[in-house]
1. Give the number of residues within region 282-312 that are assigned to a loop (DSSP other than H, G, I, E, B) and closer than 21 Å to Val350 by Cα.
2. Which one of Val216, Val239 is within 23 Å of Ile53 (Cβ to Cβ), touching a helix residue (DSSP H, G or I) at 6+ places or on another chain (Cβ under 7 Å) and not in a helix (DSSP H, G or I)?
3. What's the total number of residues in region 40-86 that are surrounded by 20 or more Cβ atoms within 10 Å (Cβ to Cβ), modelled with pLDDT under 95 and assigned to a helix (DSSP H, G or I)?
4. Are any residues in region 331-357 assigned to a helix (DSSP H, G or I) and either in the same structural domain as Ser80 (by TED's automatic domain parsing) or closer than 23 Å to Ala286 by Cα (or both), and if so, which ones?
5. Here is a list: Ser148, Ser166. Which entry is more than 14 Å from the chain's Cα centre (by Cα), among the hydroxyl-bearing types (Ser, Thr, Tyr), modelled with pLDDT of 95 or more and crowded, with 17+ Cβ neighbours inside 10 Å?
Amino acid sequence: MPRMLTIITVIVLAASLGLFLLSQQKEPFNVEGGEDQLAQTQPQSVVEWRKLIDSRFAGDQACAECHQSEFDAHQRSGHSRTATPADHSELARALDGQNYTDPNRDTVYQFERKPNGLLVGIEGTDPEPVFPVQWLIGSGTHAQTPVSIDPTSRNGVEFRWSWFASTQELGLTPDHERFDTFRPASLECFGRPMDAQQVLACVNCHMTAVPPPTVVPTQEAFLPNVGCERCHGPRKDHVELAKQGRASEAKPLLEWSHAETYLRQCAQCHRDETNAPTDSTPASLARFQPYGILKSKCYLNSGKKLSCANCHDPHDVTSRDPEHYVQACNACHAGPKQVACSLNPDGDCVDCHMPTVEWHPGISFHDHWIRLDRTDPKDDARAVLDAVHKSSPEASP
């Protein structure tokens, strides 16, 4: 009887959450001429929020009119696809009718794609998949992790399963080993529950704009992906003035000409010592590129003039050509006062000084703390981060 009660409770829970989410799922709002449709299908707070957004943001396509090369480069980059509506995705089509067995739990997830989106359920518990999957978070270069937000409670869930590029299949979401033990008949059956504040923080770095807490978080309340205006600010006034030949009157909203400012702005999402989690391992810290660069002698001894843009086109996909990075290193290290590498002068600088670190099976990142002797205890990433957090009250947990 207790097991039957648990099964019934999970069915009711999943169905209720599914109904909450399904009641809010509508066709994506078409910015051009779609205001009447929005007013008919969305809460008033979303209608007012979208009016504000549409009055300030021009959209990526508007930038292409004058900045075609940058627009084309951005479309190739992972930033252009950091948050994909799950129901529009290739993954939803591939998962339709499929199952996924959780490797660490006695749980089998079932998927079904319906006109209102991708749904997931638990075999033996749900008569059919009822829980909507709203967003796929991540560009897909390494992985995509699904997240859903309930507009009624404003809470969310990060699902236990993710799609991995290295294997071209589903696997356990990174770091979800911590949640192998779960409460039956709760959101934990599906993954990591998040409250309203946590879920907005979770998706924030994958969106151009997220709604404030006072706005109901339906899908239409978000501007998905890291678009032009995530890094350059709302630029509708710039676009309108450009059409009149007065583009320069709309001054830049963000400053990118100074390396430290550049790095700190990238660090809002890519992390530095002020916002890297306090429990980060050295492998985790390799994910946080500004954290490493800001510790590197290449940055400190250059008069703090080294930024992400010295090696990467900020608009385009990351280059995989080793020679590209050798040339970037030689731009500073080929001068008359520089000493050629005695070990491998014609080799790949990155392999020795920025080696890859595996963060998760099949997912590795180059350690951006550029240095020589990685056995030096002063260079231990964990020790340095601990010292920063002890000395800086502003360092976030």
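The values are calculated or read from the model by the stated rules, or taken from the named source; none is laboratory data. As the structure is a prediction and not an experimental result, all values here were calculated from the model. Please note: Cβ atoms are built from the backbone with ideal geometry, for glycine as well, and neighbour counts cover all protein chains shown.
1. 12
2. Result: Val216 is the single residue among Val216, Val239 that is within 23 Å of Ile53 (Cβ to Cβ), touching a helix residue (DSSP H, G or I) at 6+ places or on another chain (Cβ under 7 Å) and not in a helix (DSSP H, G or I).
3. Residues flagged as surrounded by 20 or more Cβ atoms within 10 Å (Cβ to Cβ), modelled with pLDDT under 95 and assigned to a helix (DSSP H, G or I) within region 40-86 amount to 0.
4. Cys349, Val350, Asp351, Cys352, His353
5. Ser148
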